[in-house]
1. With B:Thr352, B:Thr342, B:Thr347 as the choices, which residue is in contact with a Lys or Arg (Cβ under 8 Å, 6 or more places away or on another chain), among the hydroxyl-bearing types (Ser, Thr, Tyr) and closer than 28 Å to B:Gly374 by Cα?
2. Being surrounded by fewer than 22 Cβ atoms within 10 Å (Cβ to Cβ) and away from chain B (no Cβ under 13 Å) is true for just one of A:Ile289, A:Ile284, A:Ile272. Which residue is that?
3. It is to be established whether one or more residues within region A:142-150 are under 19 Å from A:Tyr45 (Cα atoms) and free of Cβ contacts under 8 Å to residues at least 60 places away in the same chain.
4. Can you name the residue in region B:148-169 that is of a type in the set (Val, Ile, Thr) and in contact with a strand residue (DSSP E or B) (Cβ under 6 Å, 6 or more places away or on another chain) and is also surrounded by the fewest Cβ atoms within 10 Å (Cβ to Cβ) among such residues?
5. Can you list residue pairs whose Cβ atoms sit under 9 Å apart, with the first residue in region A:299-319 being over 19 Å from B:Ala41 (Cα atoms) and more than 10 Å from chain B (Cβ to nearest Cβ) and the second being modelled with pLDDT under 80 and outside any helix (DSSP H, G or I)? Count only pairs 6 or more apart in sequence or on different chains.
6. Among the candidates B:Asp89, B:Asp56, which residue alone is more than 18 Å from the chain's Cα centre (by Cα), in the same structural domain as B:Ser326 (by TED's automatic domain parsing) and without any contact (Cβ under 8 Å) to a residue 24 or more places away in the chain?
7. Keeping to region A:217-266, report how many residues are among the aromatic types (Phe, Trp, Tyr), within 14 Å of chain B (Cβ to nearest Cβ) and either part of a helix (DSSP H, G or I) or farther than 17 Å from A:Gly77 by Cα (or both).
8. Considering each residue of region B:55-103, count those that are out of contact with any Asp or Glu (no Cβ under 8 Å at 6 or more places or on another chain), among the β-branched types (Val, Ile, Thr), over 17 Å from B:Leu136 (Cβ atoms) and more than 9 Å from chain A (Cβ to nearest Cβ), and give that number.
Amino acid sequence: MKRKNTNKYVSFALVIAAYAIMMILTASGKITRSMQGMLVPICAYIVMAISLNLTVGILGELSLGHAGFMSMGAFTGTCAALMMTESVPDEGLRLGISMVIGAIFGGIAGFLIGIPVLRLKGDYLAIVTLAFGEIIKSIFNNLYVGFDKYGLNFQLLSEKGIKLEEGGRMLIQGAMGISKIKKISTFTAGFILIILTLFIVYHLVESRYGRAIMAIRDNRIAAESVGVDVTKYKMTAFVISAALAGAAGTLFAMNYSTITANKFDFNTSILILVLVVLGGLGNITGSIISATLLTILPEALRGFATYRMLVYAIVLIVVMLFTNASGTKMLISNIKAKLGGNKEEEEQ
Amino acid sequence: MNKKLYSVVLAVLMMAVCVSGVFAQDAIKIGGTGPLTGGAAIYGNAVANAAQIAVDEINELGGLQFELRYEDDAHDAEKAVNAFNALLDWGMQISMSSVTSKPAEATSELNMEERVFGMTPSASSTAVIEGKDNVLQMCFTDPNQGSASAAYISNNDLADKVAVIWKNDDVYSKGVYDTFMEEAEELGLEVVSDTTFSDGNDTDFSVQIADAQEKGAELVFLPMYYTPASLILAQADAAGYDPIFFGVDGMDGILTMEGFDASLAEGVILLTPFNADSEDEKTAAFVAKYQELYGETPNQFAADGYDVVWALAEACEEAGVTADMSAEEINDALIEVFKTFTFDGITGENMTWDEGAVNKDPKGMIIQDGAYVGLD
């Protein structure tokens, strides 16, 4: 119990300190353009990593379709924001409402996919989530949505059937995705989303729900035998994870002027899984650090020009080996013990 | 412990200062993003290579000096924005936007916000230039190509019954298809067969070809890149179906494609602004130089990249732009110049720009004896 608490404070302290440093650097103009441009995507990836960690690390089910929920949130949230352009003039509020809508739709997708998926285990579950991600991609690649004063207009495969009144606009145009998005995501919004995510996830993990979820992970039969409702707890963790991914998707999409379904493909799902594995399964602080580093890394390697992605892959392998080596693990646990010790001394 | 921390902080600060530092310079910095790696790398590298040739030529003349830098965006909007920001850090004064459409949609927004003048060689989607006063295209917009194709077919009485096969998850293909259909309806072209394919499902076209054949289409319009088009040509040949095939600029490159029997492309008509076999002096010189340096025949993307650099250089000359001007000053000067600027390049003559879109004549080419021959 004690260790977990330390980890939690480290997570919050890390995020708040990083936010404060970045704000100071931005205000004093010391930050490079390239860094500034990456702040919001980093926030989105951190939330993605934490939420997937909930499924993979804490619930113990391998999900390969996490980008599908991100996509769901990105498209629904962005549509909502575009529809509210006039009715909600305040950008911060509009972004907030859009993220909530993105989270709701992400959660609904999580619930629907959870019904068949959570009956499965291990490899089977991984493959089905993988298929789910591809289905979401296909749907958004063929979906046409228009919007005018009478409301929404849906059409599959072609936009021919959509007749818009004057002043209406196309929201989703199949493979072209959403164009001309007004960028309203900010670093501060990303920061708030991370804090909320941390709050929700830690709260869940430390509650009765969390203990039940981890009991299912460690031994499903034993948990069931003492009366833990496996389906209910699994579903709870899965839906929360999907909803957070939906909110992160909205934040991510609203940072660019255009978004396509192909962005959220299998590769993105794997990238997020890499973030989680690199940070350590079940280790939230680790997810935050790895999401930040792995988003910055490809940009930091631009100096290598053509060899950039090769170097990136090598660095990834080295880091994986290094963090998994027993020597490093010892070092980390030593540091943790020291930190914990210091705290206790302070408390006395 | 404290000393260590202090030195780390100092090192980080020093790096930050270095990166954001301003250096005196004598060359105008042109930057662009494009897919230098990944599935679309053939386009990004073509543009980057050709642009470098143009920059070297211009620098050799001795007048205004330019420096070119291309950053990889892997055909992804997110990475393109990162690449664009990296170029801003480098001190980019004029932008070549992005090579492909979706990344260019994202970066052109930054062109507008940061007031950096941009001219894309090949991003053909209309969203790239819409609502932006400082982003121009060297290539035709997708709609432009669709309507030009329909008009060309109708004006030259190529066929009455037309079939279309297009890729429904591709921005480029869809953009051309949409306006082709619109214009075809207006001109009274009868589209008898309208079939699609998508990513991952693009190797067997027997259904689409059979549909076109059954309904008696005399011409098959193929708004797509050359890889699927080459398969359609081969499979139609195997099925004993021999209509006129009509392509757009994405078809360019089919003759040099590895493993493709070029005799299948005999009689294919395509609308493309660039012809690598042209006897025009400028084109021949460029093609020779490109072949010498990179060992392959330049495609239309390369030609567009080459033209963009020359157009920018000539416009800078006319506007009196110098290397010590800021990006915003250059931006304002170039916007003014491009209102009346005309440019002769290897992808067209007397080009002018209107609200970002280029005005130039598409050239109809027919493939005869393994080479493009102008139709007009």
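The values are calculated or read from the model by the stated rules, or taken from the named source; none is laboratory data. Note that this is a predicted model, so its numbers are computed, not measured. So basically every Cβ, Gly included, is an ideal-geometry build from the backbone, and we count neighbours across all protein chains shown.
1. Values: B:Thr352 fails: in contact with a Lys or Arg (Cβ under 8 Å, 6 or more places away or on another chain); B:Thr342 fails: in contact with a Lys or Arg (Cβ under 8 Å, 6 or more places away or on another chain).
B:Thr347 is the lone residue from the list that is in contact with a Lys or Arg (Cβ under 8 Å, 6 or more places away or on another chain), among the hydroxyl-bearing types (Ser, Thr, Tyr) and closer than 28 Å to B:Gly374 by Cα.
2. On the way: A:Ile284 fails: surrounded by fewer than 22 Cβ atoms within 10 Å (Cβ to Cβ); A:Ile272 fails: surrounded by fewer than 22 Cβ atoms within 10 Å (Cβ to Cβ).
Within the list A:Ile289, A:Ile284, A:Ile272, the selection yields A:Ile289.
3. We begin by selecting, within region A:142-150, every residue under 19 Å from A:Tyr45 (Cα atoms); these are none.
Scanning region A:142-150, I find no residue that is under 19 Å from A:Tyr45 (Cα atoms) and free of Cβ contacts under 8 Å to residues at least 60 places away in the same chain, so the answer is no.
4. Our first condition is that a residue be of a type in the set (Val, Ile, Thr); within region B:148-169, this holds for B:153, B:162, B:164-165.
Now restrict to residues that are in contact with a strand residue (DSSP E or B) (Cβ under 6 Å, 6 or more places away or on another chain): B:162, B:164-165.
Details: B:Val162: 26, B:Val164: 24, B:Ile165: 26.
Result: B:Val164.
5. Taking only residues 6 or more apart or on different chains, not a single pair turns up.
6. Working: B:Asp89 fails: without any contact (Cβ under 8 Å) to a residue 24 or more places away in the chain.
On inspection, the qualifying residue turns out to be B:Asp56.
7. Residues of region A:217-266 that are among the aromatic types (Phe, Trp, Tyr), as a first pass: A:233, A:238, A:252, A:256, A:264, A:266.
Still in the running and within 14 Å of chain B (Cβ to nearest Cβ): A:252, A:256, A:264, A:266.
Then keep just the ones that are either part of a helix (DSSP H, G or I) or farther than 17 Å from A:Gly77 by Cα (or both); that gives A:252, A:264, A:266.
Number of matching residues: 3.
8. 1
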